[in-house]
1. Work out how much length S87 to D190 would gain on full extension: take 0.36 nm times their residue separation and subtract the Cα-Cα distance, in nm to one decimal.
2. Compute the Cα gyration tensor for region 123-280, then decide on rounded, prolate or oblate, letting a ≥ b ≥ c be the square roots of its eigenvalues: rounded whenever a/c is under 1.5, prolate when a/b is larger than b/c in the other cases, and oblate in all that remain.
3. Quick one, could you list the DSSP H helices from the chain stretching 18 Å or more along their long axis (Cα atoms) with average Kyte-Doolittle hydropathy of 0.5 or above?
4. Pairs to check: K221/K292; K72/K221; K38/K221; K72/K131; K51/K221; K38/K200. Give those whose C-alpha atoms are more than 30 Å from each other in this structure.
5. Tell me the label-point distance for the pair S163, A261, using the 7 Å Cα-to-Cβ offset, in nm and rounded to one decimal.
6. When a/c reaches 1.5 or more, the comparison of a/b and b/c decides; with that in mind, is the chain rounded, prolate or oblate per its Cα gyration tensor?
7. Where q = 0.09, 0.12, 0.18 Å⁻¹, what log10 of I(q)/I(0) comes from the Debye formula for region 53-194, counting one point per Cα?
8. Where in region 134-169 does the label zone of L31 land, with the point 7 angstrom along Cα→C-beta and an amide N cut-off under 11 Å?
Amino acid sequence: MAVIIAFAALYAGEVVPVLGGAPAALLLGILVRTSIGKSERVAPGASWAGKRLLQIAIVLLGAGLSIAQLLKLGPLTLALIVAVVFSSLGGVLWIGRRMGLPSALSTLIAVGTAICGASAVAAASPVIRAKEEETAYAISTIFTFNLIALVLYPILGHALELSPVTYAVWAGSAVHDTASAVAAGYAYGDEAGLFATIVKLARTTLLIPILFILAALQVRKQGGAEKGASPWSKFPWFIGAFVAVALIRSIGLIPDAAADAITSVAKFAIIVALAGVGLGTDLGRVKHAGYKPLVLGFVASVLISAISLALAMRLPT
């Protein structure tokens, strides 16, 4: 069922490009779950897709990340990206805590906003052991503000008379989803589109240390392992594998063609996994979360946009 929904989501993403395959899979999965209710025939496969397959997909995503992407941008742009990501993460988590939101939901919205949208949410979800409805709400929130950014960024860029490079750094370091950041860049011109793509890919590379930090915090939160055992015995295996694959890619042992193929498989696996998450999501519990996560998503989007714009305008062009 999850695979069927994934193919339907891919088609929906082609027909409506701004929708994208990942959000479409999640929404279709929720729609099917709402229509048929909790099915004992569907639930085991949906659960496996939403958990185990998602972990495998995260490992494969490492093939698409190269440390060399960061080095191409120069120290100033790299410092800007790091500053935007970590200041946004800290700010959103603090605001979420002040709003009284569950820690996992705030973390997913923060990571999705700061790194790379739905992919980052999907990657972080099993690390922090988020509930399916929290993952669904976070992805839906990120998707909503992605659409708004796609429309507003080019308009605001022209209104502020930003240079193509300044605009590209702003869009690449602030728009959540990779596809949306690239689209927003090219909407401003070819030069802005190319540079925004590079900035966004470099920003995505920071998913490696972020997931590692989240996993370490989760281990600490659980109080380590049993007495006498290493506390790292509870460290998620797939994060270590993800980092290993990324490092192998960075030193050139995975050719570009192979990396592209592996990344394509990983992206489809994430779409299947999110279909599984949707099939396991109780819409009533999502509604129970109320309006606060949406407010946090709005605040997060404004925060990362303001920080990245302020820093981008200080870069030499």
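Read-outs: derived from the displayed coordinates by stated rules, not from any lab. What you are looking at is a predicted structure, and each value in this text was computed from that prediction instead of being measured. Please note: Cβ atoms are built from the backbone with ideal geometry, for glycine as well, and neighbour counts cover all protein chains shown.
1. 34.1 nm
2. prolate
3. TM-like helix candidates: 2-15, 21-36, 75-98, 132-159, 207-221, 237-250, 256-279, 292-312.
4. Numbers: K221/K292 25 Å; K72/K221 37 Å; K38/K221 32 Å; K72/K131 38 Å; K51/K221 21 Å; K38/K200 39 Å.
Over 30 Å apart, Cα to Cα: K72/K221; K38/K221; K72/K131; K38/K200.
5. Output for this residue pair reads 4.2 nm.
6. Rounded is the answer for the chain, as its axis ratio a/c remains below 1.5.
7. Once normalised to I(0) and log-transformed, intensities are -0.29, -0.53, -1.12.
8. none
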